[in-house]
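Please treat every number below as a calculation from the coordinates, not as lab data. It should be emphasised that the depicted structure is a prediction, and the values quoted were computed from it without experimental measurement. Cβ: placed from backbone, ideal geometry, glycine included. Neighbour counts: every protein chain shown.
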């Protein structure tokens with residue numbers, strides 16, 4: 001049976017109490033640099049443990065702090081009600097910074113990158129820098145397209161499982177083992193940690209086990225990522241206001257397909273600001289880009305560049 005991971009902290013937001021994980025609990029100094037990491041659309045804060053471990057290896061157990069919320073509508077924050085959407089998550093991000101103080105590096109993966117960019121665009125002075133991982137830059141969906149269909153086309157099985165009921169946690173893991181991008185990770189060195197992260201998403205009901213993600217939250221967040229003009233323009237606004245920003249993008253896609261979310265031609269078509277740095281992370285897919293050793297090295301390098309900025 002999965003063990004629910006209790007958050008180290010809770011932060012009051014406009015409609016409830018947000019769960020925040022301290023992934024570096026050894027840090028005791030109040031003046032250590034802070035990394036605030038935001039997860040993807042059907043994920044949770046434990047997605048960042050591998051990055052946190054690498055940063056602790058580099059900076060020491062008392063040399064850095066990595067905070068990672070379960071965003072509203074997910075895992076230990078599933079009971080925080082709406083409003084949903086990227087602007088709500090950006091406001092929650094600001095509330096976390098207000099609660100902890102400091103001048104954090106903001107890191108976001110997938111949808112979390114859109115949240116990070118939106119938070120930085122709204123209040124650029126609060127953040128030391130911005131690291132986007134395989135997200136944050138959008139391509140508007142065709143007008144009138146059904147949001148569930150669009151999300152299913154983009155995130156595939158991760159969306160499908162939100163309506164599924166599993167007989168047991170083991171049945172849930174079996175679902176992920178069949179996933180072409182996640183299955184090999186479960187069989188590899190990060191497998192034990194990844195199982196811990198996947199279990200954190202589960203909640204039990206009379207029917208069985210299901211994802212903690214609130215479907216309406218996922219729909220609203222996905223609608224913003226796909227079609228909200230402010231969300232799609234957030235990176236541009238953040239960079240224009242002087243937020244040092246770097247994008248790391250995975251070579252392959254969410255199903256480990258050769259075409260990832262981004263490539264050189266797609267990025268050129270977006271006419272990005274010249275101050276935005278973009279870095280291809282070779283031999284990675286949308287999931288492994290925040291999990292596998294070589295990718296984590298590049299991600300931690302990007303965080304360290306932001307930490308060194310001021």
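Ordering 218, 131 from the fewest to the most neighbouring beta carbons within 10 Å gives 218, 131.
Taking the DSSP bridge list for the range 9-307 and keeping only pairs wholly inside it, about 40 percent are antiparallel.
Residues 309, 111, 159, 164 in ascending order of nearby Cβ atoms (within 10 Å, fewest first): 309, 164, 159, 111. Note on residue 216 and residue 14: the extension gain reaches 70.9 nm, defined as 0.36 nm multiplied by sequence separation minus the Cα-Cα distance. For the residues 88, 113, 153, a GNM of the chain with alpha-carbon springs under 10 Å puts the largest fluctuation on 153.
Which of rounded, prolate, oblate describes the range 192-233, given a ≥ b ≥ c as roots of the alpha-carbon gyration tensor eigenvalues and a/c under 1.5 marking rounded, otherwise prolate only if a/b is larger than b/c? In terms of gyration-tensor shape, oblate. Simple spin-label estimate for residue 267 and residue 28 gives 4.3 nm between the two label positions (7 Å along the Cα-to-Cβ direction from each Cα).
Return a whole-number percent for the relative contact order of the chain, with Cα pairs under 8 Å and 6 or more residues apart as the contact set.
Values: 614 pairs, mean separation 63.9, N = 310.
It rounds to 21 percent for the chain.
Here residue 275 and residue 146 are evaluated by their C-beta separation; at R0 = 51 Å the FRET efficiency comes out at 0.90.
How would the range 137-207 be classified by its alpha-carbon gyration tensor: rounded, prolate or oblate, with rounded meaning a/c under 1.5 and the a/b versus b/c comparison settling the rest? Oblate is the answer for the range 137-207, as a/c is 1.5 or above yet b/c matches or exceeds a/b. The range 90-159 and the range 166-208 have Cα centres spaced 24 Å apart. The spacing between the range 234-310 and the range 55-87, judged by their C-alpha centroids, is 20 Å.
Rounded if a/c is under 1.5, else prolate if a/b beats b/c, else oblate: with a ≥ b ≥ c from the C-alpha gyration tensor eigenvalues square-rooted, which is the range 229-310?
Oblate.
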